[in-house]
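*Asks:* Attaching a single structure in structure tokens format; questions to follow.
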Amino acid sequence: MTHFDEPKVPTGREAIDPSDEARAMTEIMLTVFRINGRLLEKGDALVRTLGIASAQWQVLGAVSLSGKPLSAPQIAAAMGITRQGVQKQLNRMTKKGLFEKRPNPRHERSNLYWPTPEGQRIYSEAMRRETLWAQQLAEGLPGPEIQGALDFLKKFHRRLEAPLPEEGE
């Protein structure tokens, strides 16, 4: 019987042995990806009977929390998603009567959007449901741990603004 060595994968550089902290950060990133998927799934279920999806709830929230009409690029920046994704949701929600377009004095071709009274009603109801859900999720968890997790995630989010490592690093 012939013995074959495992093939070596050419990488062009030495493998990096990550520190314990780097391995933990990788696990955190993977967990955040899984949490994001689950949040969208559960969020969709939470607001389904309101006739919206999580993505639309997020758009309503970004504008409502700003307290002023926003353009698609402004909403995208606030939410951390693409302008095209936001515009797709705005188009759908405008057709459904949840948003109204307003002229943008700073940019002729980039409308501003503001929730209609129906959009505001749906957003208020979504947030009422979210509050009940958040209370259920928080039940039995120590407040300082929740606050510590929030503080960590905010720091982590700020660090993601740093440039990626260069190819040769």
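*Asks:* Helix 117-138 sits at what angle to the longest principal axis of the chain, using alpha carbons and giving 0 to 90 degrees rounded to 10?
*Replies:* 40 degrees
*Asks:* How tilted is helix 20-47 with respect to the longest principal axis of the chain? Cα atoms for both, answer in degrees (0 to 90, nearest 10).
*Replies:* On a 0 to 90 degree scale, this one is about 30.
*Asks:* Let me ask something additional. Let me know the number of lysine pairs in the chain closer than 29 Å at the Cα, not counting same-chain pairs under 8 apart.
*Replies:* Lysine pairs, 8 or more places apart or on different chains, close enough: 15.
*Asks:* Using R₀ = 41 Å, calculate the FRET efficiency as 1/(1 + (r/R₀)^6) where r is the Cβ-Cβ separation of residue 108 and residue 133; round to 0.05.
*Replies:* That gives a FRET efficiency of 0.50.
*Asks:* While we're on this one: What spacing in nm lies between the two simple spin-label points modelled at residue 48 and residue 166, each 7 Å away from Cα in the Cβ direction?
*Replies:* 5.1 nm
*Asks:* For the chain, take N as its residue count and report Rg(C-alpha) divided by 2.2 N^0.38 Å.
*Replies:* 1.41
*Asks:* Further question: Could you give the angle, 0 to 90 degrees to the nearest 10, between helix 143-159's Cα long axis and the longest principal axis of the Cα atoms of the chain?
*Replies:* It is inclined by approximately 80 degrees.
*Asks:* Moving on to the next point. Per the Kirkwood definition applied to all pairs of different Cα atoms, how many angstroms is the hydrodynamic radius of the stretch 46-135?
*Replies:* With all distinct Cα pairs of the stretch 46-135 included, I get 13.1 Å.
Every number here is computed from the coordinates shown, using simple stated rules; none is lab data. Since the structure is predicted, the reported quantities are computational estimates derived from the model, not experimental observations. Positions of Cβ are backbone-derived with ideal geometry, glycine not excepted, and every protein chain shown enters the neighbour counts.
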